[in-house]
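What follows is a single structure, written as structure tokens, with notes after it.
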Amino acid sequence: MSEEQLLVRRIREGTVIDHIDAGKALLVLRALGITGREGSVVTVAMNVPSVKLGKKDIIKIEGRLLAADETNKIALIAPKATINIVSDYRVREKRRVELPDEFIGVFNCPNPSCISNSERSVASRIEVLDKEKQKLRCWYCRRILEANELISSIH
Ligand code: CTP
Ligand code: ZN
């Protein structure tokens, strides 16, 4: 049994987000909008030894099967993440994350005078112009944005 399996037990049903870059698990939870108040059992393991990554974070969300449009929200934060859909203790589906065409309400635009920051009812909308080069732009103020400034805008 691997060290990881000793740390967090296998789940019966739910979603396991594996191979998250070490230290990014809490940002991943925020991008997914998971606060812990939903009531489902959520296990977070950080800085777990990994053969592939050296160290990694893992999140297990029990009782929820997250669809691709949901889990793709984490593609900027955890590009190497593997999504495992588990039922009856078996991994039924394993997929990678992919950058979506746009992020709605996930990141905050770093431009303080952007309407998405001043109007509470306006959800941020960040377009992905080039998935390979990670070229991103705010749909409202048209500012070109860096992946890093968006990631640090999550709070
Ligand atoms: N897992 C779990 N509960 C299960 C089945 C799997 O929590 N009932 C978790 C495992 O602990 C692991 C992830 O889901 O973190 C993927 O499981 P599996 O595909 O069995 O592991 P690996 O083959 O090591 O995955 P990979 O090839 O993606 O590294
Ligand atoms: Zn903007």
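The values are calculated or read from the model by the stated rules, or taken from the named source; none is laboratory data. Keep in mind it's a predicted model, so treat the numbers as computed, not measured. With ideal geometry, Cβ positions are generated from the backbone for all residues, glycine too; neighbour counts draw on all protein chains shown.
Listed here are the helices (runs of 4 or more DSSP H) enclosed by region 41-155 that have at least 2 residues being among the acidic types (Asp, Glu): 68-71.
Could you check, for region 72-80, whether at least one of its residues is away from ligand 2 (no atom under 16 Å from the Cβ), over 23 Å from ARG125 (Cα atoms) and touching a strand residue (DSSP E or B) at 6+ places or on another chain (Cβ under 9 Å)? Yes, the conditions are met somewhere in region 72-80. Evaluation of ALA45 against the conditions (1) of a type in the set (Gly, Ala, Ser); (2) closer than 17 Å to ALA147 by Cβ; (3) touching a helix residue (DSSP H, G or I) at 6+ places or on another chain (Cβ under 6 Å) shows that the sole unmet condition is (2). Condition test on VAL86, is it closer than 20 Å to LYS24 by Cα and within 16 Å of ligand 1 (Cβ to nearest atom)? No: the conditions fail for VAL86. Restricting attention to region 98-134, the residues that are over 25 Å from ALA78 (Cα atoms) and small (Gly, Ala, Ser) add up to 3. When residues in region 2-30 are screened for being closer than 19 Å to LYS94 by Cα, in a helix (DSSP H, G or I) and modelled with pLDDT under 95, 2 of them pass. Pull up region 120-155, narrow it to residues that are more than 11 Å from ligand 2 (Cβ to nearest atom) and acidic (Asp, Glu), then point me to the one that is surrounded by the fewest Cβ atoms within 10 Å (Cβ to Cβ). Looking at residues that are more than 11 Å from ligand 2 (Cβ to nearest atom) and acidic (Asp, Glu), I get GLU132.
From the list ARG120, ARG137, ARG125, the lone residue that is at pLDDT below 95, farther than 18 Å from LYS24 by Cβ and more than 16 Å from ligand 1 (Cβ to nearest atom) is ARG120.
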